[in-house]
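Quick notes on the structure that follows.
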Amino acid sequence: MAYLQPDKPEKVYVPALRAAKERNEKLVCLTAYDYPTARIVDEAGVEIILVGDSMGNVIHGYGNTIPVTLDEILSAVKAVKRGSNRALIVADMPYGSYHTGENTAVRNALVLMKDGGAEAVKLEGGRNRVELVKRLVGEEIPVMAHIGLTPQSVHKLGGYSVQGKTADTAARLIEDAKMLEEAGAFAVVLELVPREIAEIVTRELTISTVGIGAGVDCDIQVLVLHDLIGLSFGRLPRFVRQYANIREVMTEAITKWTEDVKSGNYPEKSESYGLPKDVKMKETKSDPF
Ligand code: KIV
């Protein structure tokens, strides 16, 4: 059997994350849920694309991530896979897809990898996920862990607030991160945690930390693409820096087109098709009666 070499030498695989950490090189991760955004993100050089369950808020309008299904993530992963060449593709495991037993969780993760083309999965939780992470990693499924604010626990937490603000909860977060590293996770998302805690976790772990609202010291920064480009609704959290206002750009384009249609300015002759010159129309009667 020939070992087929990856035909894209620049492709990012899981080991590249640790190598970057060892070189002290920061990496970036953005969400994408469809072909065009995956293509733009990939071509812009982003190393990791997360097909996040944030799609529940961002593209489905559910208001939170709880209703997101495995099928919705799978369909998005397939589109993202088609749109990307280089980035590592991480698929979020949606709420309910890893909560009812390890076998189901393995089966669902395999669906995302085999059918979708994901190269790793992400799941939320600390010490309560250690055994599951071990099992997934044992089945050759790379796992990105996620602690701090875990949006799938919104009903238990009662909202979205900074986690690990007391000495006890901060110590617990640091312990959780270490336990997940020991279980075999290749990276851990730190969402909405004090920057001092993120700095300690980043320093003490050999795996990469992926920060969102966790300060500058994380090895990797992740944001929701739609927040970064101004294509989301509602108040943005303080950690989002909006680099463009695509919502405004879209509204302006749509408004101009609407005006052109209504004023008869669109389409112009050059934007429509005529009959070939040699075609002679049969005579039609305008009034059949
Ligand atoms: O679903 C998502 O987009 C995430 C990131 C915010 C880390 O989990």
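Within the stretch 136-149, the set of residues being farther than 14 Å from Glu182 by Cβ and over 21 Å from the mean Cα position of the chain (by Cα) comprises Glu139, Glu140. Those residues that are in a helix (DSSP H, G or I) and free of Cβ contacts under 8 Å to residues at least 24 places away in the same chain, I need them from the stretch 1-39; list them, please. The answer is Pro15, Ala19, Glu22. Taken over the stretch 58-67, the criterion of being of a type outside the set (A, V, I, L, M) and touching a residue at least 60 places away in the same chain (Cβ under 8 Å) is satisfied by Asn64, Thr65.
Put simply, of Leu74, Leu88, Leu70 the only residue that is more than 12 Å from the ligand (Cβ to nearest atom), of a type in the set (A, V, I, L, M, F, W, C), farther than 21 Å from Gly234 by Cβ and in contact (Cβ under 8 Å) with a residue 60 or more places away in the chain is Leu88.
Scanning the stretch 164-181 for residues that are touching a helix residue (DSSP H, G or I) at 6+ places or on another chain (Cβ under 8 Å) and assigned to a helix (DSSP H, G or I) yields a count of 9. Taken over the stretch 103-126, the residue count meeting the criterion of being charged (D, E, K, R) and either surrounded by 15 or more Cβ atoms within 10 Å (Cβ to Cβ) or modelled with pLDDT under 95 (or both) is 3. When each of Ile66, Ile89, Ile59, Ile73 is tested for being surrounded by 17 or more Cβ atoms within 10 Å (Cβ to Cβ) and in contact with a Phe, Trp or Tyr (Cβ under 8 Å, 6 or more places away or on another chain), the lone residue that passes is Ile59. When we screen Ile207, Ile229 for residues that are touching an Asp or Glu at 6+ places or on another chain (Cβ under 6 Å) and closer than 25 Å to Glu25 by Cα, the only hit is Ile207. For the stretch 151-161, the condition of being under 21 Å from Gly101 (Cβ atoms), at pLDDT below 95 and either in a strand (DSSP E or B) or out of contact with any helix residue (DSSP H, G or I) (no Cβ under 8 Å at 6 or more places or on another chain) (or both) holds for at least one residue. For the stretch 23-55, a residue qualifies if it is touching an Asp or Glu at 6+ places or on another chain (Cβ under 7 Å) and among the acidic types (Asp, Glu), and exactly one does: Asp53.
When you look at Asp219, is it in contact with a helix residue (DSSP H, G or I) (Cβ under 7 Å, 6 or more places away or on another chain), surrounded by 12 or more Cβ atoms within 10 Å (Cβ to Cβ) and charged (D, E, K, R), yes or no? Yes, satisfied. Being surrounded by 11 or more Cβ atoms within 10 Å (Cβ to Cβ), away from the ligand (no atom under 16 Å from the Cβ), modelled with pLDDT of 95 or more and of a type in the set (A, V, I, L, M) is a property that does not hold for Leu231. Restricted to the stretch 162-190, and to residues that are away from the ligand (no atom under 15 Å from the Cβ) and polar (S, T, N, Q), which residue is nearest to Ser54 (Cα to Cα)? It comes out as Thr169.
Based on this model, can you work out whether Glu131 counts as away from the ligand (no atom under 16 Å from the Cβ) and either surrounded by 21 or more Cβ atoms within 10 Å (Cβ to Cβ) or more than 29 Å from Tyr35 (Cβ to Cβ) (or both)? Taking the combined requirement at face value, the residue satisfies it.
Among the conditions (1) closer than 21 Å to Asn57 by Cβ; (2) over 17 Å from the mean Cα position of the chain (by Cα), the only one that Lys122 does not satisfy is (2). Every residue in the stretch 203-225 that is within 10 Å of the ligand (Cβ to nearest atom) and in a helix (DSSP H, G or I), please. Leu225 - this is the single residue of the stretch 203-225 that is within 10 Å of the ligand (Cβ to nearest atom) and in a helix (DSSP H, G or I).
Could you check how many residues of the stretch 15-27 are of a type in the set (A, V, I, L, M) and touching a strand residue (DSSP E or B) at 6+ places or on another chain (Cβ under 6 Å)? Going through the stretch 15-27 one residue at a time, the tally reaches 3.
Hey, any hits in the stretch 188-195 for a residue that's of a type in the set (A, V, I, L, M) and touching an Asp or Glu at 6+ places or on another chain (Cβ under 8 Å)? Within the stretch 188-195, one or more residues are of a type in the set (A, V, I, L, M) and touching an Asp or Glu at 6+ places or on another chain (Cβ under 8 Å). When you scan the stretch 33-56, how many residues do you find that are surrounded by fewer than 21 Cβ atoms within 10 Å (Cβ to Cβ) and not hydroxyl-bearing (Ser, Thr, Tyr)? Going through the stretch 33-56 one residue at a time, the tally reaches 8.
The values are calculated or read from the model by the stated rules, or taken from the named source; none is laboratory data. Computed from a predicted model, the values in this text were never measured in an experiment. Cβ sites come from the backbone with ideal geometry, for glycine too, and all protein chains shown count toward neighbours.
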